[in-house]
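The values are calculated or read from the model by the stated rules, or taken from the named source; none is laboratory data. In this text the structure is predicted, and so the values were computed from the model without any measurement. Note that we place each Cβ from the backbone using ideal geometry, even for glycine, and neighbour counts take in every protein chain shown. Remember, those area values only see protein heavy atoms, side chains included, never the ligands or the DNA or RNA. Shrake-Rupley method; radii C 1.70, N 1.55, O 1.52, S 1.80 Å.
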Amino acid sequence: MNLPIKALSFAAFLAASLTAKADTLEFTLTGGGNTFTFSLPSNPTPDSSTSGTSFTLDNIMVTEGIISFSTDIKFSNLTAGGGLDFSIPSPPPLPGADLDLLGPQLYTGLEPSPMFSATATPFMLSRPKEDSDDFTLAIADLSVPEPASIELLAIGLLGIAGTVRRKSLPR
């Protein structure tokens, strides 16, 4: 096998080993004319939990358009109806209210140590209002390669460049 093919094979192997670590997930909740976004770790440590029912994450920064606010978000399991809820502050343009959504359970594991994964899920308000009771929650992975993987790739590419340079120099 000639050198360029070996070099390309090695580079492909290094690139394939560059794995992403899903430490942070982006949550986008759309419905009722609003789009709420917030980020959470894929395996958060709850601030409080009720075993077999739900857990709460306190002081999560939520954005709706140009408005940002801090709120506590409660995630429920299927025995408690599933879904999530949080409070919306009252300054305009947001109506002050609780956004209590029923739907599937969003996490795996037990309430004291939950784990989220990327998904898209429909929800309904627990107390439907006129024409604004359908919501969709999309959970997206914001993975970035681990620094050690990037360093390994850089060292491998430098090794390939050195080998190619050494082979191409006249003797």
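Going through segment 96-120 one residue at a time, which ones are in contact with a strand residue (DSSP E or B) (Cβ under 7 Å, 6 or more places away or on another chain), assigned to a loop (DSSP other than H, G, I, E, B) and of a type in the set (A, V, I, L, M, F, W, C)?
Within segment 96-120, L106, A118 meet the criteria.
Please tell me if T50 is surrounded by fewer than 18 Cβ atoms within 10 Å (Cβ to Cβ) and either touching a Lys or Arg at 6+ places or on another chain (Cβ under 9 Å) or closer than 15 Å to P104 by Cβ (or both).
no
Among the residues of segment 124-171, write down those that are at pLDDT 75 or above and β-branched (V, I, T).
Matches in segment 124-171: T136, I139, I155, I160, T163.
Scan segment 74-89 and give yes if some residue there is open to solvent by 60 Å² or more (accessible area, probe 1.4 Å) and assigned to a strand (DSSP E or B), otherwise no. Let's see the steps before the verdict.
Of all residues in segment 74-89, those open to solvent by 60 Å² or more (accessible area, probe 1.4 Å) come to 74, 78-79.
With assigned to a strand (DSSP E or B) added as a condition, the list becomes 74.
For segment 74-89, residues open to solvent by 60 Å² or more (accessible area, probe 1.4 Å) and assigned to a strand (DSSP E or B): present.
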